[in-house]
Amino acid sequence: MYQNLLDSSDQERLAQLLTDSQQSRKQERVSLCRRIGINPAELNFLDNSDITFSRMLIHHLISIGDEQALCQLCCQVLLPIFSHNKVNKALLNYFAEKLNCSRSLIRHIDPPDPQVRNITTFIKNNFINIISILGGIAGIIILISYLHWQTSQTNTSNSNPTPSQSQTPQIKTDNSNDYLKNKMSAGERLLAEKEGSDIPQEQRAKFTTAKKEGINRILNNGYNSGIAPLKEARSFYSNSPETLIYLNNANIIHQDQAYTIALAAPISQQDNYGLGVLRGVALAQQEINKNVQNNGLSQKFPIKIVLVDDRNLVDDSLANFLIKPTINISKINQDIRIVGLIGHKISDLTFKLGNIYNDNKLPVVSASSTSTDIFGTFAYVHPKVKSSCLKDG
């Protein structure tokens, strides 16, 4: 019964809210359990990371049908914390209604009216997209700020580095792994195969044909040849972030002067996060590159994005590939250096691969990792600022 009341996406959103509230921190967990009326001694997952604990707690409450504890969590624990946050307050209102919580519990929530219901429905349907788009934009801006600072520091010491030069320790590993290359693309491979699945079939056929033509031309003849078909594809479907990223890459006049940033996400799974963070990064890349091209900024370089389909899997070989001084992913993208990474979706994945990135000084910004285990653990790996994109003002 309760599994139907809170589906998997609802559970994930509620877990993210609980993590962002900091009530799932290890020092708060026993008190949290008692506040919602459950015995912490009966739980065997108290020692997990913050986000994992949050997910397992909510799953546990649903599996035992403890609606009262879920209502206490939403209305008595989380609502006072997020009472001044319109987005989170609307989400908690939505959860309370689905759980049929007592009106005495939800006294902090404004009585619903048609307008509030419309806003709540919009937020519910677009929550992951909103977070991931803003997270993608924030991620690329943070990385670019760091890279510009790094460039100014090295210029001060008269080393005059270019984006293609490396300060990274040499890693003695094989650089010809086709399995890894097939999970990466800067325009020469199709990763988001379902892009355009939400448009009419005839329109999608035209979009897909033009997009594949652009990708094939880039792979076989170089970036310049792919611009026209990618623009044609965008004319059939403008809300196509993978296509826009490939077009942005193709429009870079001096490829050897670009900063190359990897974006790791479950791209082939086509979930809301994967598409959302692609949109955020694509828009930020487009604006930054347009600014560089129009103003000819001497100390700034265009941004090139390499998409990495991590499929939400912990893959040490992929992380070790990305931190090499230079990598070869195709005949048109040889000897490129990844100077920063946006990703991963899951906190545990970011945490488990964090040592590899940190030891090799690869700056990483995660658009969705909220676990406090990551905060302060690594010098070069940073989750997004907790709920900063949702707070009022």
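A few points about this structure:
- For the range 185-243, the set of residues classified as in contact (Cβ under 8 Å) with a residue 60 or more places away in the chain and part of a helix (DSSP H, G or I) consists of Ile218, Leu219, Tyr223, Glu242, listed by residue number.
- The one condition in (1) of a type in the set (S, T, N, Q); (2) in contact (Cβ under 8 Å) with a residue 60 or more places away in the chain; (3) under 30 Å from Arg13 (Cβ atoms) that Asn360 fails to fulfil: (3)
- Residue check for Leu297: modelled with pLDDT under 85, in contact with a helix residue (DSSP H, G or I) (Cβ under 9 Å, 6 or more places away or on another chain) and either farther than 19 Å from Gly196 by Cβ or assigned to a loop (DSSP other than H, G, I, E, B) (or both): yes
- Scan of the range 190-210 for residues that are buried (at least 19 other Cβ atoms within 10 Å of the Cβ) and among the charged types (D, E, K, R), ordered by number: Glu195
- Ala96 being assigned by TED's automatic domain parsing to the domain that holds Arg35, at pLDDT 50 or above and closer than 13 Å to Leu17 by Cα: no
- Screening the candidates Thr173, Thr260 for the property of being within 19 Å of Glu287 (Cβ to Cβ) and either modelled with pLDDT of 95 or more or among the polar types (S, T, N, Q) (or both) yields one hit, Thr260.
- Exclusive hit being in contact (Cβ under 8 Å) with a residue 24 or more places away in the chain and more than 23 Å from the chain's Cα centre (by Cα), set Leu43, Leu79, Leu91: Leu79
- Residue ID - modelled with the lowest pLDDT, chosen from residues in the range 320-364 that are under 19 Å from Leu278 (Cα atoms) and in a helix (DSSP H, G or I): Ser347
- Hits in the range 1-48 (condition: crowded, with 19+ Cβ neighbours inside 10 Å, in a loop (DSSP other than H, G, I, E, B) and polar (S, T, N, Q)): Ser21, Gln23, Ser24, Asn48
The values are calculated or read from the model by the stated rules, or taken from the named source; none is laboratory data. The structure displayed is predicted, hence computed values, not measured ones. Counting neighbours? That spans all protein chains shown, and the Cβs are built from the backbone with ideal geometry, glycine included.
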